[in-house]
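Some notes on the structure that comes next.
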Amino acid sequence: MIDLPLLLAFLAAASVLTITPGVDTAMVLRAAAVEGRRSAALAAFGVALGCLCWGAIAALGLGALLRASEVGYAVVKFAGAAYLVALGVRLLAKPRTALTEAGRPKGRPGGAFWRGVFTNLLNPKVGLFYVTFLPQFVPPHRGVAGYSFGLACLHVALTLAWFAVLIAATAPVGKFLLRPKAVKILDRLTGGIFVAFGIRLATSTVR
């Protein structure tokens, strides 16, 4: 049986966390403004898949194992930090200005999707967030694994809904932002955000 007050409390908390700006938001916004709705949607679904994978890992207890393992946590943390910094440095060093005939920057199909996936999978804080956050909202006498994964799915649904709002709000100004100068500025701004988040992840000690 669902504990409605507990579920509503989770939805309220998850909604606030969802709309808090982060590297995922920056990635989707940039994709929407520079590459179009399709690329932004792919990035959003990539982020969602990464979250679902972490939700499953946390539900199976591997997230708790990662939390207990200094070496495992450090490996995933620094791999994720290196990935974010590498993405950021590439955008800072070589911001895109060349447009295709369709009016979109050149890029590999599906690239936004995999960036979304790996940005989440290489961030152990997503898994630790699920491990520490979700159990608080599991009613007594309910299976923790199954219910936790269900809550993770709800969080992913909220995330996709929020990204849909962001994409819809950004797309109308896409034509202006597709100007070469605007593309370069946006790439460098996003790159700076990625580098900042990568450094923050690498230097983080909160477990």
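Taking Lys and Arg as +1 and Asp and Glu as -1, the other residues whose beta-carbon sits under 12 Å from that of Leu87 total +3.
Relative protection proxy for 113-122, 152-161, from highest mean packing down: 113-122, 152-161 (other beta-carbon atoms within 10 angstrom).
All of the numbers you see were taken from the coordinates with simple rules; none came from a lab. On a predicted model such as this, the values are computed, not experimentally measured, just so you know. Positions of Cβ are backbone-derived with ideal geometry, glycine not excepted, and every protein chain shown enters the neighbour counts.
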